[in-house]
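What follows is calculated from the coordinates using simple rules that are stated; it is not laboratory data. Quick caveat: nothing in here was measured; it's all calculated off a predicted structure. Here Cβ is always computed from backbone atoms with ideal geometry, including for glycine, and neighbour counts include all displayed protein chains.
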Amino acid sequence: MRVPVVHQQGRRRRARYARLLWNTAEVVVTLGVVLLLLVVHQLWWTNRQAKEAAERKVQALERQWEDEKEGEGEREGETEGSGEPLARGSGSSSGSGFGTGTGGGLSGGGGRPRYDQAYAVLGIPRLGLRVPVAEGVGASGVLDKGYVGHYPDTAQPGRVGNFALAGHRNTHGEPFRYLDRLRRGDRVEVETRAAVYTYVVDRTLPRTSPGDGGTIRAIPRSTVRPAYGYTEPAHYLTLTTCTPQYTSTYRLVVWGKLRSVRPR
């Protein structure tokens, strides 16, 4: 009579393979969940946080400007009642629309905003956009807050030269997500404490390299695609963002020219 032999070694080998397969599946599923959470955080949560923060900042700037104007009106009334001339101090505004001290909402010494300071509001009616403008184009200090950033070495609103701005196309508020929808003749408004500057879209450069610094020069002209740009000084506006969407391979550039200035 033959006694059946149980192959214990084969069973153990199959059990090890099963455990390895199960553990691998667990790791894959865990990694998938983590990646999904990262995508949700990047594409949804950062947008929500940045958009809400940007909206609050716009409201705060508008309240600040109104409070400062009311304060100036009260001081003017008191001075006129005393028969003395009104002194022009730190709360005055220069012809360019920027205060020369803390009363103007900017740092002192020439009326230039300090880095990462929000000091204006950009409005694009076609896109339903109203977003703060801050000094600088750093990610953590400006762009990731949902703000639009001002290239520090370019002109300020309303001045001769190029008022150049950058904004995210995707994530962190993505204020320039639909920048490619702008067309010639569309209005772009830049509101400061002292004035509202209305620019009109004039030209679009659909794609250029990230290093194309010519697009933000005082007289903007692409160094990569020289057919795009200008040849004479004027009051320019430049809006830049990444393209295609969800990449940073190229830059999309929209140019405009100053049409009008309206005091606040």
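Observations
- Each label was represented as a point 7 Å from its Cα along the Cα-to-Cβ direction; for Tyr17 and Arg262 these points are 7.7 nm apart.
- Where a label projected 7 Å from the Cα of Glu55 along Cα→Cβ would reach, residues of the stretch 110-144 with amide N under 16 Å: 128-132
- Exposure proxy ranking, count of Cβ atoms within 10 Å, fewest first, for Tyr236, Tyr147, Tyr228: Tyr228, Tyr236, Tyr147
- Shape of the stretch 191-258, Cα gyration tensor, a/c cut at 1.5: oblate
- Of all lysines in the structure, the ones whose alpha carbon falls short of 23 Å from that of Lys51, not counting any fewer than 8 places away in one chain, are Lys145.
- For the pair Arg184 and Arg112, the difference between a 0.36 nm per residue extended length and the Cα-Cα distance amounts to 22.8 nm.
- Per-residue Cβ neighbour rank within 10 angstrom, fewest leading, Val254, Val28, Val121: Val28, Val121, Val254
- For Thr243, nonlocal amide neighbours, meaning residues 5 or more places apart or on other chains whose placed amide H falls under 5 Å from its own, are Thr249, Tyr250, Arg251, Leu252.
- Projecting the Cα positions of Gly146, Gly158, Gly128 onto the charge dipole of the stretch 125-179 (unit charges on Cβ atoms of Lys, Arg, Asp and Glu, taken about the Cα centre) puts Gly128 furthest along the positive direction.
- Entry note: the stretch 150-251 has Rg to Rh equal to 0.94, where both radii use alpha-carbon atoms and Rh is the Kirkwood radius.
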